[in-house]
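K.L.:
Questions regarding the structure given below will be posed in turn.
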Amino acid sequence: MDLPTSDQSPSDQLPRDRSTAPTWPDDIFACLKAFEVKQVCYVPDAGHSRLIKRAHADPAMIATVLTTEEEGIALSAGAWLGGDRAVLLMQSSGVGNCINMLSLMTVCRFPLLTLVTMRGEWAEFNPWQVPMGRGTPGVLQHMGVTVMRIDAAEEASETVSAAASLAYDGDQQVAVLISQKVIGRKQWLGAK
C-alpha cells in the first residue's frame with residue numbers, strides 16, 4: 001500500500017547543513033526581521049516548516065499556531081492595532097477559508113502580509129489540491145489583495161521585501177504566492 005508522505009518537501013528530508021538546505025526560507029526570515037515583524041501566525045505546513053522553526057527560535061518573535069487560517073487575519077489586525085507587524089503563513093488550500101475575513105482588512109485599511117505556499121500546480125500528486133491551487137490568485141485579487149509570486153528561490157528576498165513595504169508602509173493587503181516548484185515535489189512513499 002502506498003501512503004502519502006507528510007507534507008515534507010524533499011528539501012526538508014535533506015541533511016540540515018547549509019550546503020544542501022535551500023536558503024530561500026532564511027532569506028524570507030531575514031526580510032521579516034528587517035521589517036520588524038514581531039508576530040508570525042500559521043497553520044502547520046511543511047512548505048513553511050523552516051520559516052516556522054526560525055520564528056519559534058527567535059525570542060523577538062511570537063509564533064502562534066492557528067486552528068484555521070482566517071484566525072490569522074484577525075491576529076494580523078489585532079497585532080497592527082497593538083503596534084506590531086504580523087505575517088500569516090498558509091498553504092493555498094487555506095486561502096478559501098479566509099475570504100470573508102479579508103473584508104476586515106480591506107474595509108478597515110489594515111495591512112496584511114501573507115505568504116502562501118502553493119499546491120495543485122507543478123508535479124502535484126493530490127487531486128484535491130488542484131482546484132484551490134488554480135483559484136488562489138483570482139480569489140485573492142477579487143477580494144482586493146495584491147498578489148505577487150515567487151517562481152524561483154532567488155526571487156524570495158526581493159519579492160517579500162517589496163510585498164512587506166507595500167503592506168506595512170502602504171496599508172495594503174498583499175499575498176506572496178510561493179510556487180510549488182520552489183517548495184519542492186511532494187511524493188508518495190511505499191510501505192516497507
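K.L.:
With the contact rule set at Cα under 8 Å and sequence spacing of 6 or more, what percent relative contact order holds for segment 107-161?
P.N.:
Normalised by residue count, the contact order of segment 107-161 is 18 percent.
K.L.:
Given the options Gln141, Ser165, Cys41, identify the residue whose Cα lies farthest towards the positive end of the charge dipole of segment 33-192 (+1 on Cβ of Lys, Arg; -1 on Cβ of Asp, Glu).
P.N.:
About the Cα centre, the residue reaching furthest to the positive side is Cys41.
K.L.:
Under Stokes-Einstein, with the Kirkwood radius over Cα pairs standing in for Rh, what whole-number D in µm²/s applies to the chain at 37 °C and 0.692 mPa s?
P.N.:
Numbers: Rh = 16.7 Å.
Taking Rh from Cα pairs, D becomes 196 µm²/s.
K.L.:
Note the angle between two axes, namely the Cα long axis of helix 70-81 and the longest principal axis of the Cα atoms of the chain, as a number of degrees from 0 to 90, rounded to the nearest 10.
P.N.:
40 degrees
K.L.:
Please give the contour-minus-distance gain from Ser103 to Glu154: 0.36 nm per residue of separation, less the Cα-Cα distance, rounded to one decimal in nm. Write down the numbers at each step before the final one.
P.N.:
Values: separation 51, 0.36 × 51 = 18.36 nm, distance 3.24 nm.
Gain on extension, Ser103 to Glu154, equals 15.1 nm.
K.L.:
Same structure again: Of the candidates Ala55, Ala74, Ala164, which one comes out as most mobile in a Gaussian network treatment of the chain with C-alpha springs shorter than 10 Å?
P.N.:
Ala74
K.L.:
Quote the charge dipole size of the chain about the Cα centre in Debye, to the nearest 20; the model charges only the Cβ of Lys and Arg (+1) and of Asp and Glu (-1).
P.N.:
280 debye
K.L.:
Per residue of the chain, what 222 nm ellipticity follows from adding -39500 (n - 2.57) for every DSSP H run with n ≥ 4, rounded to the nearest 500?
P.N.:
Estimated from H runs of four or more residues: -10000 deg cm²/dmol.
K.L.:
Expressed as a fraction of 2.2 N^0.38 Å, the rule-of-thumb size for a compact globular protein of N residues, what is the C-alpha radius of gyration of segment 46-116?
P.N.:
1.09
K.L.:
Can you give me the convex hull volume of the Cα atoms of segment 71-162, divided per residue and expressed in Å³? Display every interim value, and only then the final one.
P.N.:
Working: hull volume 8.8 nm³, N = 92.
Dividing the Cα hull volume of segment 71-162 by its residue count gives 96 Å³.
K.L.:
Quick check: net charge around Ala63, other residues with Cβ under 11 Å of its Cβ, Lys/Arg +1 and Asp/Glu -1? Don't skip to the end; give the middle numbers.
P.N.:
Working: positive: Lys38, Lys53, Arg54; negative: Asp58.
Residues close to Ala63 contribute a combined charge of +2.
K.L.:
Could you line up Trp122, Trp80 from fewest to most neighbouring Cβ atoms inside 10 Å? Show your work: numbers first, answer last.
P.N.:
Working: Trp122 15, Trp80 20.
Ranked by crowding around the Cβ, least crowded first: Trp122, Trp80.
K.L.:
Follow-up. Expected output is a single nm value to one decimal: the length gained when fully extending between Asp58 and Asp84, i.e. 0.36 nm times separation in residues minus the C-alpha distance. What is it? Don't skip to the answer; put the middle values down first.
P.N.:
Values: separation 26, 0.36 × 26 = 9.36 nm, distance 1.56 nm.
That pair, Asp58 and Asp84, stretches by 7.8 nm at full extension.
K.L.:
Highest GNM mean-square fluctuation, the chain, Cα pairs closer than 10 Å: which of Arg109, Arg50, Arg119?
P.N.:
Answer for the Gaussian network model of the chain: Arg109.
Where a number appears in this text, it was derived from the coordinates with a stated rule and is not lab data. This is a predicted model, so every value here is computed, not measured. So basically every Cβ, Gly included, is an ideal-geometry build from the backbone, and we count neighbours across all protein chains shown.
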